[in-house]
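Q: A single structure is presented below for examination.
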Amino acid sequence: MRHLVFSLLSALLLAGCAAIPSPQERQTHADTLAASKGWQANRIAAGRFDLVAYAPPTVSAGEQLTIYIEGDGFAWVTGSQPSADPTPRDPLALRLALAHSAGNAVYLARPCQYVDAARIGCAQRYWTEARFAAETIDSANLAIDTLKRRFGATKLVLVGYSGGGAVAALLAERRSDVARLITVAGNLDHRAWTAHHHVQPLVASLNAADAAQQLAGLPQTHFIGSKDKVVPPELARAWPRAFAGPRGSNLRIIPGADHTCCWAERWADLFPQD
């Protein structure tokens, strides 16, 4: 009987692993999504990392550029087993960018996504404990400089999904050209987040919550799903006041939404227009 149970569990595990799309399949999925709006992939040399961006082939004149920053992607196979490649299975930040309807927008991936991480030797730590390390923020900062020049922009709106929200906040702290910070299901205090989920601390990462006070004067909106179990509303309500705003005015708890559903479908109505 014990052997039968073990065999069944092994079969289920193998079936689950077989169902995970390969990194190339995940990249093809993103390419297909982008192509539906005529967007193309660009690989940007940005310090320690090459970062992938998706953008329209032609640039319209406009002083403001909205940059959508991807989440942590497919970082873990299980709660204790990191993946071999963090390219997202569902690039939600890309879907948000493609739903953008208010001027120029681009999408920026995180380190090791869409670049065949195993082949180039991208260190696993950059999608686990060092996902918000100083060098990852430096790289995103350089990539944003390149995108800003390409679009001829003078000011930026940074939109970060999930872990990309932390990246967006850490970037906003160090830049003087950010007009607004927006996060969707953002992980803005990873110390509180790891404690809440009883997982290992992100010991090699900067914490966005430490930058909150420096961002107190920046217009910002933080969307959290009422049903989000990954970044639940109670964590967001405990963020530093500089993020949450007076009486929580920067927080928007969206009824029925969770960590992935249904942000892209509702984005045209949710995106702040002021």
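Q: Farthest toward the dipole's positive end in the chain, which of Q214, P57, G73, given Cβ charges of +1 (Lys, Arg) and -1 (Asp, Glu) about the Cα centre?
A: Ranked along the dipole, the leading option is Q214.
Q: Using alpha carbons only, how many angstrom separate the centre of region 215-263 from the centre of region 98-155?
A: About 23 Å separates the Cα centre of region 215-263 from the one of region 98-155.
Q: Still on this structure: Could you tell me, in Å, what Rg and Dmax come out for the Cα atoms of region 144-269?
A: Answer for region 144-269, Rg first and Dmax second: 14.4, 45 Å.
Q: At a 1.4 Å probe, what is the % contribution of carbon and sulfur to the accessible area of the chain?
A: Numbers: 6830 of 12590 Å².
Answer for the chain: carbon and sulfur cover 54 percent of the accessible area.
Q: Which of G152, G186, G79 moves most in a GNM of the chain, Cα contacts under 10 Å?
A: In the Gaussian network model the winner is G79.
Q: What residues qualify as long-range amide H neighbours of G225, i.e. H under 5 Å apart, gap of 5 or more or another chain, H built at 1.01 Å from N?
A: The answer is A185, I254.
Q: A follow-up question, please. On a 1.4 Å probe surface of the protein chains, which of I253, I144 comes out largest in accessible area, and what is the full order? Display every interim value, and only then the final one.
A: On the way: I253 55, I144 0 Å².
Descending order: I253, I144.
Q: Evaluated at 37 °C with a viscosity of 0.692 mPa s, what Stokes-Einstein diffusion coefficient in µm²/s does region 162-213 have when Rh comes from the Kirkwood expression over alpha-carbon pairs?
A: Values: Rh = 11.5 Å.
Once the numbers are plugged in, D ends up at 286 µm²/s.
Q: Cβ under 14 Å from E70's Cβ, E70 left aside: what net charge do those residues give with Lys, Arg +1 and Asp, Glu -1? Provide the component values of the computation, followed by the final result.
A: Values: positive: R26, R89, R95, R110, R131; negative: D72, D85, D90.
That works out to +2.
Q: For region 230-274, take the convex hull of the Cα atoms, compute a quarter of its surface area, and give me that in nm², please. Walk me through the numbers on the way to the answer.
A: On the way: hull surface 15.2 nm².
Averaging across all directions leaves 3.8 nm² for the Cα convex hull.
Q: Right, another one. For the charge dipole of the chain, defined by +1 on Lys and Arg C-beta atoms and -1 on Asp and Glu C-beta atoms about the Cα centroid, which residue among A179, A117, L147 has the Cα displaced farthest towards the positive pole?
A: Among A179, A117, L147, the one farthest towards the positive end of the dipole of the chain is A179.
Q: For a test of the definition: using alpha carbon positions, the gyration tensor, and the 1.5 limit on a/c, classify region 184-250 as rounded, prolate or oblate.
A: Working: a/c = 2.29, a/b = 1.26, b/c = 1.81.
Verdict is oblate for region 184-250.
Q: Then there is this: Just the accessible area per residue of the chain, please: how many Å² with a 1.4 Å probe? Display every interim value, and only then the final one.
A: On the way: 12590 Å² over 274 residues.
Dividing the accessible area of the chain by its residue count gives 46 Å².
Q: Dipole magnitude of the chain about its Cα centre, charges +1 at Lys/Arg Cβ and -1 at Asp/Glu Cβ only, in debye to the nearest 20? Don't skip to the end; give the middle numbers.
A: Details: 26 positive and 23 negative charges, 30 e Å.
In total the dipole reaches around 140 debye.
Q: Can you give the Rg/Rh ratio of the chain, where Rg is from the C-alpha atoms and Rh is the Kirkwood radius?
A: On the way: Rg = 18.5 Å, Rh = 19.0 Å.
Result for the chain is an Rg/Rh of 0.97.
Q: Suppose accessible area is computed on protein heavy atoms with a 1.4 Å probe; arrange W239, W193 from highest to lowest. All intermediate terms of the calculation are to be shown ahead of the outcome.
A: On the way: W239 20, W193 40 Å².
From most exposed to least exposed: W193, W239.
Q: Report the per residue volume, in Å³, of the convex hull enclosing the C-alpha atoms of region 43-93. Could you put the intermediate results ahead of the total?
A: Details: hull volume 6.3 nm³, N = 51.
About 123 Å³ per residue, rounded to a whole number.
Q: Can you compute 3J(HN,Hα) from phi for each residue in region 101-113, using the Karplus curve 6.51 cos²θ - 1.76 cosθ + 1.60 with θ = phi - 60°, rounded to whole Hz and x for Gly and Pro?
A: For region 101-113, the Karplus curve yields 10, 10, x, 6, 9, 9, 10, 10, 7, 9, x, 6, 8 Hz.
The values are calculated or read from the model by the stated rules, or taken from the named source; none is laboratory data. The structure presented is a predicted model; accordingly, all values stated were derived computationally and were not measured. Ideal geometry is used to build each Cβ from the backbone, glycine not excepted, and the neighbour counts take in all protein chains shown. Heavy atoms of the whole protein, side chains included, go into the accessibility calculation; ligands, DNA and RNA do not. Shrake-Rupley method; radii C 1.70, N 1.55, O 1.52, S 1.80 Å.
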